[in-house]
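Trainee: Mind looking over this structure? Questions follow.
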Amino acid sequence: MWIYLNNKFVTDEEAVISVFDHGFLYGDGVYETIRSYGPRIFMRNEHLSRLFRSATEIGLTIPIPVKNWGDILHEAMIRNDVGTDLQDAYLRITVSRGAGDIGLDPALCSSPTVVVMAKPLVPPASYLYERGVNVIVASTKRNLPHALSPQIKTTNFLNNIQAKREAIAAGAFDSILLNWEQHLTECTISNLFFVMDGTLRTPTLECGLLDGITRNIVIRLAEELNMHVEEGRYTVDQLYRADECFLTNTSMEIMPVTFVDRRPVGDGKPGPLTLKLRAQFVAVRGRF
């Protein structure tokens, strides 16, 4: 594998960083995951915009201008033989504070560490879309937004990892995290939607969740299909009464959820609005 590391491409054996890197020591950094459909990078500008926004929020200056990122990402795909008509690409950009003496002061680091990886995208198995997945509500709570803003896509992911550990222990696909007020937020790497009383509902950003790029597309598509969409504060009990439920993120697109805490959602099968949105997403994703 060829990896972009600090202004040049190196092999994976050569792609090493210092043990003094503050990304390693403290989780001090930001990242984005992006996919391609063939050679076309999906929502590239939106992902890069969020990366730079996250970096700004933690006072981190990304040393590569926005205008140069397209070339870097495409070269990463070419070098690794992904992003082709035969193989979609999974891209990850990581920018850490960089190497410096031990301590929390960002000034200890003279320059950020920049890493870009490109590998084959491995989508979820097709049968998961056909039958849906099961999720649980985690006992782990989402970080307080005023303690760590969910709008910063940070490399410090322990909150999500703890919830993922719960899902694995329960044999579930993923966990839903609640916030400090016991309201639904999101899953460990995806946003949450559910249908109740004919309305497509999703937790509002004020509940403490990332403004997912695919989440925004789904809201837009639902409105184009004349579905009633509501962003609000919802409880687990409301989710238990849902007729349909699904998750969204860049790599899996729209994933039906058919069980929550071992309770069937609706009739325990992917619902009609979920299937309609998924079909519409697949049909129009080339325009994004």
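Trainee: If a residue must be in contact with a helix residue (DSSP H, G or I) (Cβ under 6 Å, 6 or more places away or on another chain) and in a helix (DSSP H, G or I), how many such residues does the stretch 1-49 contain?
Mentor: Looking only at that region, the number is 2.
Trainee: Given the conditions (1) closer than 27 Å to Ile34 by Cβ; (2) surrounded by fewer than 16 Cβ atoms within 10 Å (Cβ to Cβ), and given that Thr113 satisfies all but one, which numbered condition is not satisfied?
Mentor: Evaluating Thr113 over (1) closer than 27 Å to Ile34 by Cβ; (2) surrounded by fewer than 16 Cβ atoms within 10 Å (Cβ to Cβ) leaves (2) as the failure.
Trainee: Let me ask something additional. For a quick check of your reading of the model, give me the residue pairs whose first member lies in the stretch 92-105 and is at pLDDT 95 or above, whose second is of a type in the set (Val, Ile, Thr), with beta-carbon atoms closer than 6 Å and at least 6 apart or on different chains.
Mentor: As it stands, the answer is Arg92/Thr33; Ile93/Val116; Thr94/Val115; Val95/Val30; Val95/Ile62; Val95/Val114; Ser96/Thr113; Gly98/Thr113, since those pairs meet every condition given.
Trainee: Follow-up question, since we're still on this one. What is the residue count in the stretch 215-265 for residues that are outside any loop (DSSP other than H, G, I, E, B), in contact with a Phe, Trp or Tyr (Cβ under 8 Å, 6 or more places away or on another chain) and farther than 19 Å from Leu177 by Cα?
Mentor: 4
Trainee: Examine the stretch 168-189 for a residue that is surrounded by 14 or more Cβ atoms within 10 Å (Cβ to Cβ) and aromatic (Phe, Trp, Tyr), and state whether such a residue exists.
Mentor: Residues of the stretch 168-189 surrounded by 14 or more Cβ atoms within 10 Å (Cβ to Cβ): 170, 172-180, 183-189.
Then keep just the ones that are aromatic (Phe, Trp, Tyr); that gives 173, 180.
The answer is yes; a qualifying residue exists.
Trainee: Moving on. Can you name the condition, by its number, that Lys67 falls short on among (1) basic (Lys, Arg); (2) closer than 24 Å to Ile213 by Cα; (3) surrounded by 15 or more Cβ atoms within 10 Å (Cβ to Cβ); (4) outside the structural domain of Thr204 (by TED's automatic domain parsing)?
Mentor: The number of the failed condition is (3).
Trainee: Those residues that are out of contact with any Cys (no Cβ under 8 Å at 6 or more places or on another chain) and within 14 Å of Leu210 (Cβ to Cβ), I need them from the stretch 164-185; list them, please.
Mentor: Residues satisfying the conditions do not exist here.
Trainee: Give just the number: which of (1) more than 21 Å from the chain's Cα centre (by Cα); (2) without any contact (Cβ under 8 Å) to a residue 60 or more places away in the chain does Ala167 not satisfy?
Mentor: (1)
The values are calculated or read from the model by the stated rules, or taken from the named source; none is laboratory data. Predicted, not measured: the structure shown is a model, and the values here were computed from it. Counting neighbours? That spans all protein chains shown, and the Cβs are built from the backbone with ideal geometry, glycine included.
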